1. Anything over 24 Å Cα to Cα? Flag those among LYS175/LYS270; LYS17/LYS69; LYS180/LYS217, in the order listed.
2. Going by accessible area, probe 1.4 Å, with all protein chains left in place, what is the ranking of THR149, THR38, largest first?
3. Just to confirm the filter: which trypsin sites (Lys or Arg not before Pro) across the range 163-230 are DSSP coil and have at most 16 other Cβ within 10 angstrom of their Cβ?
4. What do you reckon, how do THR100, THR208 stack up by accessible area (1.4 Å probe), largest on top?
5. Leaving out ligands, DNA and RNA, and with a 1.4 Å probe, what % of the accessible surface on the chain is carbon or sulfur?
6. Report the semi-axes of the equivalent ellipsoid for the chain in whole Å, largest first, where each axis is √(5λ) for an eigenvalue λ of the Cα gyration tensor.
7. Beyond 26 Å, what percent of the Cα pairs of the range 151-271 remain?
8. At 30 angstrom or more along the helix axis (alpha-carbon based) and mean Kyte-Doolittle of 0.5 or higher, what helices does the chain contain? Whole DSSP H runs only.
Amino acid sequence: MFLSDYHSHSLFSSDAKHTMEAMALAAHAKGINSLCFTDHADDCMQEADLSFTPDKYLEKAGIYEEYLKTCDIIGDRITLRFGMELSAANQNPQLAEKLTNLYPFDFIIGSVHNLTGTNDFYFLSYKEESECHSLMDRYLDEHIAMIDTGGFDVIGHISYPMKYMARYNIRIDLKDHWDKVEALLSHAVHKGIGIEVNTSGLRDPLGTTIPNFDVIKLYHDLGGEIITTGSDSHNTDDVGEGIREATGLLKEAGFKYVTVFNQRKPEFIKI
Ligand SMILES: [Zn+2]
Ligand SMILES: [Zn+2]
């Protein structure tokens, strides 16, 4: 089975632990065929600092050179690609455009980590189920604006807040938001934007991929074809983890291919 990990963070993300080379070697050792580095474009948000300026990313000078150096060292042991995880482009479209043109990216994930004007869901605390439902509604709505802004290839970890709600032992049912989930997936299909199956939830109390199987199946049934798998790893222990399970879910949902990217163009690999 072709195994592709299209969501990984290296030392160029402030919340990650290992070099690109260490991540690539670990992924190769776990049988991953293709690894894409998707370092955060906006570490200031990860640090709960909302002063979202391009300088932060520009400070990562050397990131592309490091990627090329890593490709040289790794050779043909594993296919490497250069990507980025960009937070909600709709919240700062000018900056998003600047960032997406900084380097010759192969792949860009568009992720909603926070609602406009508020902190990353990671930093919030969750008490009431009703409050969680209202946050989910607004979270799903934010995607429509992000998709309309564009500039990315797949939507990252749809249902991300549920990972953090589960840490507070609050488990909401996405079926209560099904109209909005369907609206956002239909909009993505219409705009030619894909989704990712993020395996980080399997390593968390949530216990499922993000999004879960029902959403993957709905995306398939709506005619979606562009779908990537990613570990969202920030260290060598997590890289490649859950990719086999996620690829299995793709098959079960009816997909015959997993998507990889080269210079922002999708390629479909049989699974
Ligand atoms: Zn993310
Ligand atoms: Zn990530």
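1. Working: LYS175/LYS270 30 Å; LYS17/LYS69 19 Å; LYS180/LYS217 15 Å.
Those over the limit are LYS175/LYS270.
2. Numbers: THR149 60, THR38 0 Å².
Per-residue accessible area, sorted high to low, gives THR149, THR38.
3. Working: sites: LYS163, ARG167, ARG171, LYS175, LYS180, LYS191, ARG203, LYS217; in loops: ARG171.
Of the trypsin sites (Lys or Arg not before Pro), the ones in loops of the range 163-230 whose Cβ has at most 16 other Cβ atoms within 10 Å are ARG171.
4. Working: THR100 20, THR208 55 Å².
I get THR208, THR100, largest accessible area first.
5. Values: 5270 of 11010 Å².
Its accessible area is 48 percent carbon and sulfur atoms.
6. Details: eigenvalues 135, 96, 64 Å².
Computed over the chain, the values are 26, 22, 18 Å.
7. On the way: 1142 of 7260 pairs.
Here the tail beyond 26 Å accounts for 16 percent of pairs.
8. Values: long enough: 129-149 (31 Å, -0.51).
Helix filter hits for the chain: none.
The values are calculated or read from the model by the stated rules, or taken from the named source; none is laboratory data. This one's a predicted model, so the numbers in the text were calculated from it and none came from an experiment. Please note: Cβ atoms are built from the backbone with ideal geometry, for glycine as well, and neighbour counts cover all protein chains shown. Ligands, DNA and RNA are stripped out before the accessible areas are found, and what is left, the full protein with its side chains, is counted by its heavy atoms. Shrake-Rupley method; radii C 1.70, N 1.55, O 1.52, S 1.80 Å.
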